[in-house]
Ligand code: FES
């Protein structure tokens with residue numbers, strides 16, 4: 001008995017939101033969902049305030065479609081307005097597709113980084129190569145940033161902007177920056193030739209997801225050249241908060257001239273008891289005590305056994321050198337956060353390192369980014385004007401002790417490109433923790449299953465052999481686009497559930513600092529709406545709908561990051577794959593920490609009242625509750641996998657081939673046989689069978705058993721490995737379509753027969769010679785109670801054929817010492833399919849009715865009026881396959897609650 005997995009909800013309506021600036025965005029909206037709710041969940045912020053039909057803020061005009069206007073008061077929408085077609089998206093629900101005119105521009109509907117006016121208060125040359133710039137802004141109260149973030153400064157007298165990290169702490173009144181001087185560079189020219197206190201300029205920001213996460217674990221700070229700036233901001237922040245967190249700084253530069261802020265570092269270290277530091281210069285002519293790269297100064301005592309966070313700001317080769325250094329030592333820090341800068345070059349599919357490990361310092365000046373840049377990570381404008389002098393810096397950067405270490409990078413004079421190729425960026429973007437992450441989907445539905453042929457879902461992917469993430473859950477951490485900054489974070493243990501939530505918590509606390517006390521009433525209204533939208537899916541400590549909770553929970557958490565107006569933070573959050581992780585782990589979950597949805601509401605309340613301390617506490621507690629919920633779901637899922645009944649040793653030493661083993665009845669049968677000592681060969685057309693075979697210490701065979709070649713290959717593989725087959729369990733099969741017989745095409749009839757009859761015929765034919773040769777063997781076929789059933793006649797016929805094979809083959813082979821028996825499962829409750837059956841899911845009302853009719857008939861003809869379990873099906877199959885059934889052959893055993901088929 002089979003049900004398709006994914007049924008597209010054709011009751012969803014399309015709603016076009018047409019904004020005043022001509023932008024139109026499309027959302028889908030369920031008939032019982034308000035347009036505002038659907039809009040916010042799909043990350044489109046429309047005007048909102050009361051969310052309750054009381055204020056009129058959301059008023060829009062409906063250009064087409066049918067809807068239920070919902071309940072509201074006259075003050076919000078008068079009868080005349082309603083008559084004209086005005087609507088309140090916070091109250092209305094769609095009855096058809098809609099087109100709504102939204103009284104706002106799309107730009108207003110999302111937050112953006114702000115532009116601040118500023119005055120230069122100091123310009124200081126710190127060394128022959130490096131200067132500091134200090135600014136003051138009258139809007140200082142409006143500017144919140146995290147230690148490690150950067151801004152884009154408009155260079156006075158030019159059209160150019162350049163990106164610089166703050167070296168000052170977020171609580172300091174003045175804003176300071178470190179800038180490497182590059183002759184001919186626009187900022188360098190300005191600073192060296194024209195800049196003076198009192199100059200006016202503007203900057204935009206803050207940007208970046210490189211910032212100090214709050215946690216107690218020790219930190220290793222690695223600064224290359226003027227990459228010291230964000231590290232200084234981090235240290236100053238730690239000092240301001242009275243941090244006792246152990247920290248070690250290693251500061252590396254190219255030449256003695258690049259060493260700056262040494263007194264500042266010395267003073268910071270002196271004022272904090274757990275902060276130590278060291279520095280090195282790569283130039284062999286240096287007078288510094290340490291010559292070389294930062295990696296040469298990393299000692300075991302700085303690494304705290306791996307339980308530390310590494311913060312690195314420097315050029316790409318430095319990041320790669322440190323990463324390689326750790327990899328060579330087999331060392332994985334708990335968190336590795338970096339900000340690196342790429343040279344502007346012609347894209348090259350086989351890029352080479354651009355500069356020496358501690359590089360040229362003023363990355364911001366040297367490596368601006370192209371004008372038309374889709375990557376939100378980079379904000380600088382214009383092609384580099386500093387191209388001519390870059391070559392010199394690069395050359396210097398490649399030298400260590402007078403020797404060239406890194407190959408030279410060829411660049412074009414026009415600049416505007418990246419060291420990394422787009423392909424490489426995509427590759428990096430799709431990894432977290434150094435592992436490539438692709439994705440599977442979960443839909444949270446349950447289905448009936450009778451053990452069937454499997455077809456791989458092309459989207460099903462995993463991490464470390466486990467399905468982890470949903471396709472829509474992961475976004476590139478680094479956009480596959482040219483140029484400039486690259487910010488990233490890696491967590492080797494991110495695939496472990498707790499680490500995912502810890503990383504989310506760290507990012508959320510950062511997002512909180514940027515947003516609390518700064519949100520508009522509309523933003524708060526949207527935040528509350530999203531908090532409320534998760535509530536219906538949890539009742540006490542039970543999930544009403546875990547999949548819907550996961551969806552609404554993700555929209556809630558996303559929103560805080562989108563409110564920062566900082567795409568980097570949003571990307572960093574999405575790259576953690578929290579949603580995909582929850583989709584996988586909560587797929588069959590029933591228990592939820594009862595505070596989870598209340599946390600969402602309370603967090604919004606804390607934001608509404610600007611109560612930072614409470615919001616912080618709740619975010620931390622909520623992460624803890626998320627961990628507990630997913631841990632419990634994973635434990636429950638593990639327990640569910642264990643067979644409920646086991647007869648120890650029943651299959652000791654027997655070679656058992658199970659077909660269609662990747663999921664459902666085949667998988668459960670394989671689990672039981674493994675637990676009872678069998679040597680398994682697991683055949684399936686899906687490579688998912690490999691994971692199961694590994695888990696059960698069996699041998700996987702990927703083959704299409706609908707073909708003779710596939711069946712022969714599967715049997716040959718088993719014989720090659722074990723020299724014999726004691727038991728063959730033919731489990732492949734399953735209805736593809738559900739509809740009256742007159743609706744089947746000839747091709748569909750043939751497909752059903754191929755799937756549910758030919759697979760068993762072929763595999764029996766392939767395996768019998770080896771069995772008869774030994775004068776012993778057992779074949780158990782999986783038939784179906786659907787030999788008497790509606791709306792899958794070709795499948796019923798195929799299963800009738802299985803019964804005929806069973807009876808006749810038993811007759812023919814009895815004298816060869818071979819038993820042939822079968823079970824006939826009825827409706828069986830199984831987890832959601834991971835592999836689609838191949839047909840089209842029912843979409844129209846008619847198709848759904850046909851589909852439902854076969855379910856109704858299945859229940860009706862079962863005397864017990866329920867579905868069976870996988871354990872109940874596996875019990876009958878393994879009994880017939882075992883020596884306990886040695887006097888049973890030619891028999892079909894119905895396992896269908898009294899339905900005899
Ligand atoms: S009427 Fe207040 S938000 Fe819709």
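From the list 201, 232, exactly one residue is more than 24 Å from residue 508 (Cβ to Cβ), surrounded by fewer than 24 Cβ atoms within 10 Å (Cβ to Cβ), modelled with pLDDT of 95 or more and assigned by TED's automatic domain parsing to the domain that holds residue 168. Which is it? Walk me through how you get there before you give the answer.
Details: 232 fails: surrounded by fewer than 24 Cβ atoms within 10 Å (Cβ to Cβ).
Criteria check complete, one pass: 201.
Inspect region 549-563 for any residue being in contact (Cβ under 8 Å) with a residue 24 or more places away in the chain, under 30 Å from residue 169 (Cβ atoms), in contact with a strand residue (DSSP E or B) (Cβ under 7 Å, 6 or more places away or on another chain) and crowded, with 23+ Cβ neighbours inside 10 Å and give the result as yes or no.
No: zero hits.
Those residues that are assigned to a loop (DSSP other than H, G, I, E, B) and in contact with a helix residue (DSSP H, G or I) (Cβ under 6 Å, 6 or more places away or on another chain), I need them from region 174-218; list them, please. First the steps, then the outcome.
First, the residues of region 174-218 that are assigned to a loop (DSSP other than H, G, I, E, B): 174, 181-185, 195-199, 208-218.
Of everything in region 174-218, those that are assigned to a loop (DSSP other than H, G, I, E, B) and in contact with a helix residue (DSSP H, G or I) (Cβ under 6 Å, 6 or more places away or on another chain) turn out to be 181, 182, 183, 184, 185, 208, 209, 211, 212, 213, 214, 218.
Specify which of the listed residues (226, 254) is touching a residue at least 60 places away in the same chain (Cβ under 8 Å), touching a strand residue (DSSP E or B) at 6+ places or on another chain (Cβ under 6 Å) and either in the same structural domain as residue 275 (by TED's automatic domain parsing) or closer than 28 Å to residue 156 by Cα (or both). Outline the logic, then answer.
Values: 254 fails: touching a strand residue (DSSP E or B) at 6+ places or on another chain (Cβ under 6 Å).
After applying the criteria, what remains is 226.
For region 873-901, how many residues are without any contact (Cβ under 8 Å) to a residue 24 or more places away in the chain and in a helix (DSSP H, G or I)? Explain how you work it out, then say what you get.
Initial filter on region 873-901 (without any contact (Cβ under 8 Å) to a residue 24 or more places away in the chain): 879, 887.
Those left that are additionally in a helix (DSSP H, G or I): 879.
Residues that pass the stated criteria total 1.
Going by the conditions given, is residue 86 within 14 Å of residue 36 (Cα to Cα), without any contact (Cβ under 8 Å) to a residue 60 or more places away in the chain and in contact with a strand residue (DSSP E or B) (Cβ under 7 Å, 6 or more places away or on another chain)? I'd like the intermediate steps shown before the answer.
On the way: within 14 Å of residue 36 (Cα to Cα): no; without any contact (Cβ under 8 Å) to a residue 60 or more places away in the chain: yes; in contact with a strand residue (DSSP E or B) (Cβ under 7 Å, 6 or more places away or on another chain): yes.
Here the answer is no, as residue 86 does not meet what is asked.
Which of the residues belonging to region 300-311 are part of a loop (DSSP other than H, G, I, E, B) and over 13 Å from residue 326 (Cβ atoms)? Break it down stepwise before answering.
Applying the first criterion (part of a loop (DSSP other than H, G, I, E, B)) to region 300-311 yields 303, 307-308.
Hit for region 300-311 is 307, nothing else.
Any idea which residue in region 20-29 is nearest to residue 530 (Cα to Cα), counting only those that are surrounded by fewer than 23 Cβ atoms within 10 Å (Cβ to Cβ) and touching a residue at least 60 places away in the same chain (Cβ under 8 Å)?
Ranking the qualifying residues of region 20-29, first place goes to 25.
Looking at region 489-516 only, could you name the residues that are modelled with pLDDT of 90 or more and assigned to a loop (DSSP other than H, G, I, E, B)?
Scanning region 489-516 gives a single hit, 516.
If a residue has to be crowded, with 18+ Cβ neighbours inside 10 Å and within 9 Å of the ligand (Cβ to nearest atom) to count, how many in region 61-89 make the cut?
Of the residues in region 61-89, 5 are crowded, with 18+ Cβ neighbours inside 10 Å and within 9 Å of the ligand (Cβ to nearest atom).
So that you can scan it fast, the table gives a plain yes or no per residue for (1) in contact (Cβ under 8 Å) with a residue 12 or more places away in the chain; (2) touching a strand residue (DSSP E or B) at 6+ places or on another chain (Cβ under 6 Å):
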| residue | (1), (2) |
| --- | --- |
| 565 | yes, no |
| 604 | yes, no |
| 607 | yes, no |
| 610 | yes, no |
| 613 | no, no |
| 621 | yes, no |
| 630 | yes, no |
| 662 | yes, yes |
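Can you say whether residue 103 is more than 16 Å from the ligand (Cβ to nearest atom) and either closer than 30 Å to residue 567 by Cα or within 41 Å of the chain's Cα centre (by Cα) (or both), as far as the supplied structure shows? So that I can check it myself, show each step before the final result.
Values: more than 16 Å from the ligand (Cβ to nearest atom): no; either closer than 30 Å to residue 567 by Cα or within 41 Å of the chain's Cα centre (by Cα) (or both): yes.
Here the answer is no, as residue 103 does not meet what is asked.
Across region 42-57, what is the number of residues that are within 16 Å of the ligand (Cβ to nearest atom) and touching a residue at least 60 places away in the same chain (Cβ under 8 Å)?
Taking region 42-57 as the starting set, the residues that turn out to be within 16 Å of the ligand (Cβ to nearest atom) are 44-57.
From what's left, touching a residue at least 60 places away in the same chain (Cβ under 8 Å): 44-51, 57.
Counting residues in region 42-57 that are within 16 Å of the ligand (Cβ to nearest atom) and touching a residue at least 60 places away in the same chain (Cβ under 8 Å) gives 9.
Give me the residue from region 90-100 that is surrounded by 21 or more Cβ atoms within 10 Å (Cβ to Cβ) and assigned to a loop (DSSP other than H, G, I, E, B) and, out of that set, farthest from the ligand (Cβ to nearest atom). Walk me through how you get there before you give the answer.
Within region 90-100, the first condition is being surrounded by 21 or more Cβ atoms within 10 Å (Cβ to Cβ), and the residues that meet it are 90-92, 94, 98, 100.
Now narrow it down to the ones that are assigned to a loop (DSSP other than H, G, I, E, B): 90-92.
Details: 90: 3, 91: 6, 92: 9 Å.
Filtering first and then ranking leaves 92.
Might you check whether a residue that is in contact (Cβ under 8 Å) with a residue 40 or more places away in the chain and more than 45 Å from the chain's Cα centre (by Cα) occurs anywhere in region 820-843?
Among the residues of region 820-843, at least one is in contact (Cβ under 8 Å) with a residue 40 or more places away in the chain and more than 45 Å from the chain's Cα centre (by Cα), which makes the answer yes.
Residue 787 fails exactly one of the following numbered conditions: (1) out of contact with any strand residue (DSSP E or B) (no Cβ under 8 Å at 6 or more places or on another chain); (2) within 27 Å of residue 747 (Cβ to Cβ); (3) not in a loop (DSSP other than H, G, I, E, B). What is the number of that condition?
All conditions pass for residue 787, except number (1).
Among strands (runs of 3 or more DSSP E) lying entirely in region 672-736, which contain 1 or more residues that are at pLDDT 95 or above, assigned by TED's automatic domain parsing to the domain that holds residue 782 and closer than 23 Å to residue 639 by Cβ?
On the way: elements: 679-684, 699-702, 727-730.
The strands (runs of 3 or more DSSP E) meeting that bar are 679-684.
Is one or more of the residues making up region 751-758 under 21 Å from residue 879 (Cα atoms) and crowded, with 18+ Cβ neighbours inside 10 Å? Lay out the reasoning, then the answer.
So the first thing to find is which residues in region 751-758 are under 21 Å from residue 879 (Cα atoms), and the list is none.
Among the residues of region 751-758, not one is under 21 Å from residue 879 (Cα atoms) and crowded, with 18+ Cβ neighbours inside 10 Å, which makes the answer no.
The values are calculated or read from the model by the stated rules, or taken from the named source; none is laboratory data. The shown structure was predicted, so the numbers you read here are calculated from the model rather than taken from an experiment. Neighbour counts are summed over all protein chains in view; Cβ atoms, including those assigned to glycine, are modelled from backbone coordinates with ideal geometry.
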